[in-house]
Ligand SMILES: [Zn+2]
């Protein structure tokens, strides 16, 4: 990891591992993503000799000023008479380039109520556009502007004033980022533990061995910085939702770092997912509250009703093996079955959904569960899923609305909050 805005130094060394002197000249060239950065001409190298360059200052050019994954290449090749005797050697070093932390401005950002409304108002255009965030920096900025206004409405604090950096990366950069982060973490752990951790790390971050996408992003603390890393080859609405989810994880990491356990139990992972889903509800219901109109309405149609059935069936089928499915059901069960959330449960039964304030209460409640109680709590709730499933199913289906015009139908990306969350 290299941080932008900071001086970067490069060191390299070449060793003649043979028993013969390399008597001819050779050339060492350094490239960044294929673009030449520097070149060194050397006369030759004795047997066993080492040629070293220490602390060569890398000057970033404007064309390098972007967050993401990069590849440094150092190539050594014989020149002139040595070209035929010195076999070319190339080494690669992949790295990700982040932002200097913390990102926060010297004076905290302040939003007036009118500005919050105006920025959040952009959600309609965003929901309708279907454009990929990766399409342009402006698409990414649109999402961050809305997310920041919502976050400010919820917490009276800008995202830019949080100890957090958000990285929006295309699929290739995302895969490389995960590889670099996981390799770095595994190296610090070392040995067999490091290997196991590296594999698990890749799974959580959602990259298969072949680099294929599994999940949309993750929150982590790496290199002294809280980070949210999200795939940007997604629609703006999806990235906004994913950001709302990861912000739930981020706030947990800050408030309850003791829950950030490596190789944790399924129950602890499920609890963290339930928190993040509660945070999605809080986030999107807050948008509705600021706009003063619904954002999450879906038509009473066979395909939507069928979608609800299938999603619930898949959560139940996977709830004993997969943390996201278990977390979704855990969130419903907490609201419907926990006596400490009786007020929120009554509101859900009465109104069919939670307000953002109630979702916040649920989120904070799930965040306060003591680590030693997690297994008993989660098992206790999941054991009763069968009893409550008919209630969950009928509540989800009751959300479907007759006679919606096209303009009133919510973004499809938000369906899991609109239909499948309390
Ligand atoms: Zn999650």
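Quick note: the coordinates plus some simple rules give every number you see, no bench work behind them. Not measured: the values here are computed from a predicted model. Note: ideal-geometry Cβ built from the backbone for every residue, glycine included; neighbour counts use all protein chains shown.
Identify the residues of region 215-234 with backbone N under 17 Å of a label point that sits 7 angstrom from the Cα of residue 188 along the Cα-to-Cβ direction, or state none. Answer for this model: 219-229.
Note on the chain: GNM, Cα springs under 10 Å; of 225, 252, 310, the largest mean-square fluctuation is that of 310. Can you tell me the 0 to 90 degree angle between the C-alpha axis of helix 236-255 and the longest principal axis of the chain, rounded to 10? Roughly 90 degrees, rounded to the nearest 10. For the residues 135, 69, 153, a GNM of the chain with alpha-carbon springs under 10 Å puts the largest fluctuation on 135.
Given a Förster distance of 45 angstrom, what is the FRET efficiency for residue 87 paired with residue 320, based on the Cβ-Cβ distance and rounded to 0.05? Present the calculation step by step, with values, prior to reporting the outcome.
Numbers: r = 55 Å, r/R0 = 1.23.
Rounded to the nearest 0.05, the efficiency is 0.25.
Between the helical axis of 171-189 and the dominant principal axis of the chain, each derived from Cα atoms, what acute angle in degrees is found, rounded to the nearest 10? That helix lies at roughly 80 degrees to the long axis. Taking other Cβ atoms within 10 Å as a rough exposure proxy, 110, 388, 414, 283 sort from fewest to most as 110, 388, 414, 283.
Cut-off is 10 Å between beta-carbons; in what order do 279, 340 appear when sorted fewest neighbours first?
Details: 279 26, 340 12.
Listing 279, 340 from fewest to most nearby Cβ atoms yields 340, 279.
The simple spin-label model puts a point 7 Å past each Cα toward its Cβ; for residue 112 and residue 263 those points are separated by 5.6 nm. Taking other C-beta atoms within 10 Å as the exposure proxy, 173, 161, 55 rank 55, 161, 173 from fewest upward.
Annotation: for a label point projected 7 angstrom from Cα along Cα→Cβ of residue 370, residues of region 242-270 with backbone N closer than 16 Å are 258-259.
Taking Cα atoms only, the orientation of helix 302-318 departs from the longest principal axis of the chain by about 70 degrees. Here the Debye sum runs over all C-alpha atoms of the chain as equal scatterers in vacuum, and log10 of I(q)/I(0) at q = 0.06, 0.07, 0.11 Å⁻¹ comes out as -0.32, -0.43, -0.88. I want to verify a result. In a Gaussian network model of the chain, Cα cutoff 10 Å, which of these has the top mean-square fluctuation: 220, 18, 311? Among 220, 18, 311, the largest mean-square fluctuation in the Gaussian network model of the chain belongs to 18. Working note: 222 nm ellipticity from helices only, DSSP H runs with n ≥ 4, each -39,500 (n - 2.57), summed and divided by the residues of the chain, gives -15000 deg cm²/dmol to the nearest 500. Computed from label points 7 Å out along Cα-Cβ, the spacing between residue 342 and residue 223 is 5.1 nm.
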